[in-house]
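The structure appears right after this line, and notes come after that.
The values are calculated or read from the model by the stated rules, or taken from the named source; none is laboratory data. Bear in mind the structure is a predicted one, so any value in this text is a computation, not a measurement. Virtual Cβ from ideal backbone geometry, glycine too; neighbours counted across all protein chains shown. Just the protein is used for accessible areas: all its heavy atoms, side chains included, with ligands, DNA and RNA removed. Shrake-Rupley method; radii C 1.70, N 1.55, O 1.52, S 1.80 Å.
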Amino acid sequence: MPTSAAGTGPGSGSAPGPGSGSGSASGPGSGPGPIRGSGKGPAVGRRIWRAAAVVATAVAVALGALLATDGSGAPAGHPAAAVSDGLRHTAVEVSPGSCGRGWTRPHPGTQVFDLTNTSTGPAEVDLTDPRTGAVYAETEGLAPGTTRQMRVVLGGGSYAFSCLPDDAEAVHGPTVRIAGSVRGSGPHAVPVTEHDLVPPTLAYQKWIGARAAELARKTAVLRRAVDRGDLAAARAAWLPAHLVYERMGAAYGTFGDADTAINGTGAGLPGGPHDPGFQGFHRVEYGLWHGESAAALRGPADRLDTAVRALRDGWPQQRMDPADLGLRAHEVLENTLQSELTGRTDRGSGTSLATAHANLDGTRELLSVLRPLLTTRDPELPRLDSWLDRTRRTLDGSRHDGRWTPVDRLKTADRERLDADVSQATELLSRVAALCDLRRTA
């Protein structure tokens with residue numbers, strides 16, 4: 001399952017519910033979910049909401065109402081164009097000298113801030129709790145001379161706007177207090193820092209190192225079977241080795257070119273499965289299940305073994321980017337939807353659902369190292385655990401007497417159930433990616 005980057009594009013702001021589009025914050029129907037990360041964190045972290053929306057659309061699963069927001073950026077001084085929504089609107093200035101000016105009559109409930117950038121450069125705008133740093137809503141990429149809406153649900157508490165101009169220090173506006181219960185507020189979360197992510201990243205790197213050693217051992221079994229001409233033994237050894245690699249999905253970005261050498265699918269190569277550039281597990285898979293001789297497979301098996309040993313030996317010198325950890329937690333199952341549940345990566349073994357199961361195992365391992373951060377930030381974590389358990393049971397139902405049902409032989413109802421379960425788990429994992437996205441606070 002090669003890792004593919006989620007789609008990017010011009011976007012502005014975010015909603016706290018998975019799959020929401022531009023604009024930011026929470027409102028009725030948005031569901032409890034975290035805000036997305038800072039525009040000043042690694043670019044990879046900003047992709048997650050758009051990626052979640054693409055996945056949800058691709059599998060035709062509706063996961064809650066999205067917020068009606070204006071992400072286009074209307075000319076400054078014209079916020080009234082969308083006031084027909086019946087909500088109270090407050091014009092708020094965004095600039096280094098007047099961050100948050102205009103919010104003088106605070107009140108609880110669902111409301112809209114019409115943010116106007118009166119400065120000469122683009123800026124990000126966050127609505128925060130000045131005491132804890134928790135973020136309730138954000139809009140990023142607000143161009144000079146434009147207005148954009150920020151829709152929020154606020155209960156009792158203290159709030160302040162933070163204006164974060166590009167290439168300049170953050171400016172924090174005045175604190176505004178609303179009387180009443182804080183329970184009336186929409187979802188919010190304390191930002192995660194790079195320092196927070198270092199311990200789980202180191203723990204995960206250690207786990208990957210152990211898996212790389214296991215991968216080398218099991219790949220050697222496969223190579224030796226091919227070398228001695230025992231293709232039946234090679235077919236039996238192929239899946240156990242391949243599944244070890246599939247559990248390591250959150251580290252693929254750190255593997256670099258080794259990922260193609262070990263797990264390339266051959267897609268897009270001029271010669272297809274016969275192209276000299278096609279290598280790795282899927283090249284060996286193709287030969288084993290398409291009648292190739294042991295002599296023809298010795299070269300591909302040897303090259304696979306060499307690539308795996310190089311990965312094992314070089315891993316201690318590699319360093320994962322802590323900022324990638326949350327994104328990968330979502331991306332692994334996203335790619336499972338796109339590749340394994342469609343059968344796109346199957347090269348004859350019919351084991352795509354075994355791969356999906358391994359991807360799920362890898363996701364659970366990554367969540368285990370992130371859990372200390374998530375427990376206090378994501379109230380939906382038990383629900384995510386429940387859906388991951390349900391997805392595992394659904395996948396287990398496709399294995400009979402040690403053999404996995406090929407994707408194209410699933411009954412329609414079983415396939416729809418599996419698509420829905422993986423889709424829901426993927427959508428909830430987008431919350432994890434957003435919460436673990438590094439955010440700019442200064």
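Multiply the residue gap between R403 and T193 by 0.36 nm, knock off their C-alpha separation, and tell me the result in nm, one decimal place.
Difference between extended and current length: 71.2 nm.
Let a ≥ b ≥ c be the square roots of the eigenvalues of the Cα gyration tensor of the stretch 284-440; is it rounded (a/c under 1.5), or, if not, prolate (a/b larger than b/c) or oblate? Write down the numbers at each step before the final one.
Values: a/c = 2.77, a/b = 1.29, b/c = 2.14.
Note, shape of the stretch 284-440 comes out oblate.
When the Karplus curve 6.51 cos²θ - 1.76 cosθ + 1.60 is applied with θ = phi - 60°, which whole-Hz ³J(HN,Hα) does each residue of the stretch 189-196 get, with x for Gly and Pro?
7, 6, x, 9, 9, 4, 4, 4
Report M150's accessible area, 1.4 Å probe, all protein chains in place, as a number in Å² to the nearest 10.
About 0 Å², ignoring ligands and nucleic acids.
With all protein chains present, how much of the accessible area of the stretch 79-190 (probe radius 1.4 Å) comes from carbon and sulfur, to the nearest whole percent?
Looking at the stretch 79-190 in its full context, I get 52 percent from C and S.
What ranking, highest mean first, results for peptides 239-250, 370-381 when packing means the other Cβ atoms within 10 Å averaged over each residue?
Top to bottom by mean Cβ count within 10 Å: 239-250, 370-381.
Considering only protein heavy atoms and a probe of 1.4 Å, how much of the accessible area of the stretch 209-265 is carbon and sulfur, as a whole percent? Before the final figure, lay out the partial values.
Working: 1020 of 1970 Å².
That share works out to 52 percent.
What does the highest-first list of 289-301, 267-279, 336-348 look like by mean Cβ count within 10 Å?
Packing proxy ranking, top to bottom: 336-348, 289-301, 267-279.
Would you mind classifying the stretch 253-356 by shape? Square roots of the alpha carbon gyration tensor eigenvalues, ordered a ≥ b ≥ c; an a/c under 1.5 is rounded, otherwise it is prolate if a/b is larger than b/c and oblate if not.
Oblate is the answer for the stretch 253-356, as a/c is 1.5 or above yet b/c matches or exceeds a/b.
Suppose every K and R has +1 on its Cβ and every D and E has -1 on its Cβ; what is the size of the dipole of the stretch 339-398 about the Cα centre, in Debye to the nearest 20?
Approximately 60 debye in magnitude.
Taking amide hydrogens as modeled 1.01 Å from N in the peptide plane, which residues meet the under 5 Å criterion relative to A91, leaving out close sequence neighbours?
D114
Near the amide H of V192, under 5 Å away, which other amide H atoms are found, from residues 5 or more places off or on another chain, if H is placed in the peptide plane?
Amide H to amide H, under 5 Å and 5 or more residues apart or across chains, V192 pairs with R439.
With a ≥ b ≥ c taken as the square roots of the eigenvalues of the C-alpha gyration tensor of the stretch 214-292, please select rounded if a/c is under 1.5 and otherwise prolate if a/b is larger than b/c or oblate if it is not?
oblate
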